[in-house]
Amino acid sequence: MALKRPIIFVGPPGAGKGTQARRLAEFYGVPHLSTGEMLRDHVARGTELGQRAKPLMERGELVPDDIVLGIVEERIARADCASSFVFDGFPRTMPQAQTLDEILKRRNFRSPLVVNFKVDHDTLVYRIAGRRTCSIGGEVYNVHERPPKVEGRCDKDGGELIQRSDDRAEVVRDRLAAFDRQTMPLVDYYRSTGDLAEVDGSADVEEVSKRLSEILARHGADGNRA
Ligand SMILES: [Zn+2]
């Protein structure tokens, strides 16, 4: 089985995109691409793009689109991306989406299948505010869905579990509002190009995976049907 189209997962933080992207990439043997990881890789390798990105990342500033898209184009030109790859959380803005479209056309990819993970804000706030991170090893737990064996302590190393400031309910609400402002035009854009599918991200992991494979088959992304 092989995937025939690039896959793009969009959706708010906490909607389960990362988990599903990992599972899909593993199942089909295609790369799971995250722009954060690609940027860190370029910085580590000291490439020209990496050298431009490094000071910005160190100052916590946004890396401009031309650098990010340069890194994306370089990555999807490699052999392992020949027919498909899964983007998780990219593109985020309209200019990124439009430039990505140009790159995909130039590289002779089929049009991407975009899956929008829909989850209401209250559910996301509940999920994310339940996260606890190990202060030693960084392992992530969830008091609702994946609690540690001993409350407040990491199973692996006994480290104290803390709530990151980004995961506090009021911060999560602000992040979700910002996400909506930035990403809703993107969803409308992909809807207008006919490449958008939607999945209910509040269902459990297995159920979401099952619905995703149905979506892939229906949209000719799955090699068996294409
Ligand atoms: Zn730990």
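Rule-based calculations on the coordinates, nothing more; no lab input. Remember, it's a predicted structure, so these values are computed and weren't measured experimentally. Glycine also receives a Cβ, built like all others from the backbone with ideal geometry; neighbour counts cover every protein chain displayed.
Key figures for this structure:
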read-out: Kirkwood Rh (inverse of mean 1/r, distinct Cα pairs), the range 77-205, angstrom; value: 17.3
read-out: For the range 1-143, with +1 on Lys and Arg beta carbons and -1 on Asp and Glu, the positive-most of Gly46, Phe87, Gly138 along the dipole; value: Phe87
read-out: Farthest toward positive dipole pole in the range 160-226 [+1 Lys/Arg, -1 Asp/Glu at C-beta], among Leu176, Tyr190, Ser202; value: Tyr190
read-out: Placed amide H near Glu198: partners under 5 Å, 5+ positions off or other chain; value: Asn116
read-out: Kirkwood-type radius of the range 1-139, with distances r between different C-alpha atoms, in Å; value: 16.3
read-out: Cysteines in the chain that, by Cβ-Cβ distance, have no pairing candidate under 4.7 Å; value: Cys81
read-out: Share antiparallel - DSSP beta bridges, the range 88-226, percent rounded to 5; value: 60
read-out: Stretchable slack from Gln163 to Ile103, in nm (0.36 nm times residue separation minus alpha-carbon distance); value: 17.7 nm
read-out: Spatially proximal aspartates and glutamates relative to Lys17 (Cα-Cα < 15 Å; intrachain offsets below 8 disregarded); value: Glu26, Asp88, Asp120, Glu198, Asp200, Asp204, Glu206, Glu207
read-out: Long-range HN-HN contacts of Asn142 with modeled amide H, under 5 Å; value: Arg132
